[in-house]
Structure formats: structure tokens, C-alpha cells
Amino acid sequence: MDLLSAMLSFIRVAETGSFSVASRELHVSQPTISRQILLLEKHYSVRLFSRTTRCLALTDDGRMLLEQARNVHSILENTHSTLSGRQSHVYGHIRVGTPTAFGLYLTQQLDGFLNQHPDLSVELVVSDTFGDIVKDGIDLAIRVGMCQSGTTITRHLADVDRVLVASPDFFENHSYPAHPNDLLNLPLVVYGYGFHEAVWEFQRGNQQIRLPMHSSFTTNNSEVAHRAIVEGIGIGLMPLFSVRRELRLGNLVHLMPQWTVPKLDLHVVYPGPQNSCLRRKTVLDFLLSLAPDLAETIAPMKARALIGTESLNFMSLN
């Protein structure tokens with residue numbers, strides 16, 4: 001039995017935490033995967049996994065071998081690309097983990113990139129909860145905030161403006177907020193998780209305000225929050241890249257533009273080692289190239305927003 005094939009099977013079992021998932025991904029039978037793992041354990045005279053009825057966990061020796069096996073696999077892939085003349089040809093399958101809002105943004109950017117690389121297939125794994133990218137078999141992931149892990153590499157992507165927005169129709173029955181405290185008396189759309197209280201922060205000059213947000217409409221899905229705001233259910237706080245089009249078309253209004261909120265700190269996270277395969281490097285470079293667009297400031301839109309707020313203030317007084 002091929003020791004290198006056994007290492008590849010070991011990598012996928014370790015990353016997915018499942019013999020059956022690894023066998024499906026590698027298109028080999030589950031007994032073959034089991035025999036390959038036994039081969040490695042006998043070859044190195046170690047136990048690689050601690051097996052229970054509920055989970056499959058790596059032993060200390062297993063974690064050490066996983067790191068080395070990934071290095072060997074990465075070197076072999078790069079060597080294959082070089083020797084086969086494919087160093088400039090991107091091919092294969094890659095899985096990108098992304099929050100919902102960024103996944104929707106990314107679908108608007110991918111067409112040209114995929115046309116440049118017709119032999120590359122991209123799978124977007126969309127979730128607003130952040131799992132373990134190694135166990136989930138994710139090649140690259142978009143994360144909010146700095147991710148600290150000894151098994152992953154993190155690259156800063158962009159600091160993204162967030163904006164307070166609402167549908168113009170919302171103000172047919174509600175007044176326009178001029179101050180963050182006004183939000184406490186208005187219907188809100190809160191994106192968050194049930195066990196964690198949502199807190200919105202605002203700043204104007206040296207003045208800072210933190211408000212715990214209690215809303216009759218809360219969701220843990222950013223696209224549901226987006227649609228609820230567009231439908232006029234309430235006021236919401238959204239990343240600029242996800243509402244830019246509605247702001248330009250007038251389907252949403254930027255509220256209280258004189259107040260700012262903390263930016264979203266976006267990062268790209270991926271498993272080590274750094275000498276990763278060509279397709280991962282190519283997709284990583286593509287994601288990093290989006291930084292200027294993602295970091296667009298709300299400033300150019302403020303003039304239009306202020307015009308809208310004057311109209312809304314007039315409506316609220318009549």
C-alpha cells in the first residue's frame with residue numbers, strides 16, 4: 001500500500017473527523033481508509049487517533065504527524081505543478097468559508113475570476129457561525145476579527161464601514177432618529193445571537209455611546225436582517241458593501257451620518273503551512289485584491305444621505 005496515499009487519507013480523516021466523509025471525498029471505500037490509517041500506525045509505531053463512540057480525536061502523535069503530512073503533501077503538490085509545467089495553470093477544487101453577507105458580495109466578484117481560471121472550481125461554504133476550518137475541510141475562510149490559532153495563518157483583508165440604514169417606507173409611520181438614544185424608541189432589526197446581548201456603539205467627535213439593543217426582531221442570519229430592513233420592518237446596522245446598491249438606488253437611507261460606528265475587521269484565515277498549493281495562493285490573492293473595494297468609505301454617500309434626512313425630518317414634522 002502506498003505510504004503517500006495513506007498520508008493523504010490520514011490528512012482528510014483528521015480534518016473532517018470522519019472516516020466516512022474522508023472516503024467519500026477521496027472516492028475510496030471506508031475499509032481502505034481504515035487499512036491506510038493502520039498502515040501508518042504500524043509504520044510509525046504510534047497511535048494516531050483516540051476513538052470514542054461520540055468523536056474521533058487526534059492523539060499527540062497524530063497531531064505531530066498531521067503537521068508533517070501537510071508539509072509533505074504541499075511540497076508534493078508544488079513539485080507536481082512545477083515539473084508538469086502547471087506552475088502558471090490553476091486547477092482543482094477549493095472550499096471557501098464565508099459569512100452570508102460576504103458570500104453574497106463575493107458572488108458578484110467571482111465571474112471574471114472564474115473565467116480566468118476555467119479549470120478551477122470554487123465551493124462557497126456559507127455560515128454565520130464560525131467553526132474549525134481544519135475539521136470542516138475549509139481551504140480559506142473569511143472571519144471577522146483577529147483569529148488566534150497555532151494551526152492557521154491569518155491575513156488582514158479590510159476594515160469595513162458599517163452604516164445605520166432603513167427603508168424610506170419605514171418613515172411613513174416612524175420619526176427619523178437624530179441621536180442614538182432615539183433608537184431606543186424605534187423598531188430595530190438586530191443581527192446577533194440569542195445568548196449574547198447586542199450592543200451598538202456610536203461615536204461623534206469625543207462623544208461615545210454604547211446602547212444595548214432590545215428588539216422585537218432578531219436574527220442570526222445577516223441576509224434575513226438585510227431583507228427585513230429593506231422590507232421596512234425596522235432600522236438596522238449593516239456592512240456598507242452589502243447595502244451599497246440599495247443606498248445608491250434610494251431603496252435604503254443612511255441614517256445619522258454624523259455618527260460613526262466601529263468598523264468590521266475582516267481577515268482571511270487558512271491552514272498552514274505557508275507554502276500552500278497554487279490554487280489556494282491564487283484564490284487568496286484574489287480575495288486580497290478586493291480590499292480597496294471593501295474598504296470604500298461611506299463619505300461619498302453622505303451628501304445624498306443628508307438630502308434624504310432633510311426630507312425625512314420634514315415628513316416627521318408634518
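Remarks
- Residue check: Ala14 meets all listed conditions (1) touching a Lys or Arg at 6+ places or on another chain (Cβ under 9 Å); (2) assigned to a helix (DSSP H, G or I); (3) surrounded by fewer than 16 Cβ atoms within 10 Å (Cβ to Cβ) but one, namely (3).
- Thr151 satisfies every condition listed in (1) within 30 Å of Leu56 (Cβ to Cβ); (2) not assigned by TED's automatic domain parsing to the domain that holds Leu287 except (2).
- Test result for Val261, out of contact with any Ser or Thr (no Cβ under 7 Å at 6 or more places or on another chain) and modelled with pLDDT of 90 or more: yes
- When restricted to residues that are part of a loop (DSSP other than H, G, I, E, B), more than 17 Å from the chain's Cα centre (by Cα) and more than 16 Å from Pro177 (Cβ to Cβ), the stretch 212-242 contains 2.
- Meets criteria (more than 22 Å from Ile138 (Cα to Cα) and either modelled with pLDDT of 75 or more or charged (D, E, K, R) (or both)) for Ser74: no
- Listed by position, the strands (runs of 3 or more DSSP E) inside the stretch 131-189 whose residues that are out of contact with any Leu (no Cβ under 7 Å at 6 or more places or on another chain) and surrounded by fewer than 20 Cβ atoms within 10 Å (Cβ to Cβ) number at least 2 are 152-160.
- Residue within the stretch 127-148 that is without any contact (Cβ under 8 Å) to a residue 60 or more places away in the chain, closer than 30 Å to Gly250 by Cβ and in contact with a helix residue (DSSP H, G or I) (Cβ under 7 Å, 6 or more places away or on another chain) present: no
- With respect to the stated conditions, Leu237 is closer than 21 Å to Arg204 by Cβ, outside the structural domain of Asp119 (by TED's automatic domain parsing) and either modelled with pLDDT of 95 or more or not small (Gly, Ala, Ser) (or both).
Residues are listed down the side, and each one gets a yes or a no for (1) surrounded by 16 or more Cβ atoms within 10 Å (Cβ to Cβ); (2) farther than 26 Å from Arg143 by Cβ; (3) at pLDDT 95 or above; (4) in the same structural domain as Gly131 (by TED's automatic domain parsing):
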residue	(1), (2), (3), (4)
Leu211	no, no, no, no
Leu255	yes, yes, yes, no
Pro271	yes, no, no, yes
Leu278	yes, no, no, yes
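- Lone qualifier among Ala166, Ala101 - being of a type in the set (A, V, I, L, M) and either at pLDDT below 95 or closer than 30 Å to Ala22 by Cα (or both): Ala101
- Here Pro239 meets each of (1) in contact with a Lys or Arg (Cβ under 7 Å, 6 or more places away or on another chain); (2) closer than 30 Å to Ile11 by Cβ with one exception, condition (2).
The values are calculated or read from the model by the stated rules, or taken from the named source; none is laboratory data. All values reported here derive from a predicted model rather than from experimental measurement. All Cβ positions, glycine included, derive from the backbone under ideal geometry; neighbour counts span all protein chains shown.
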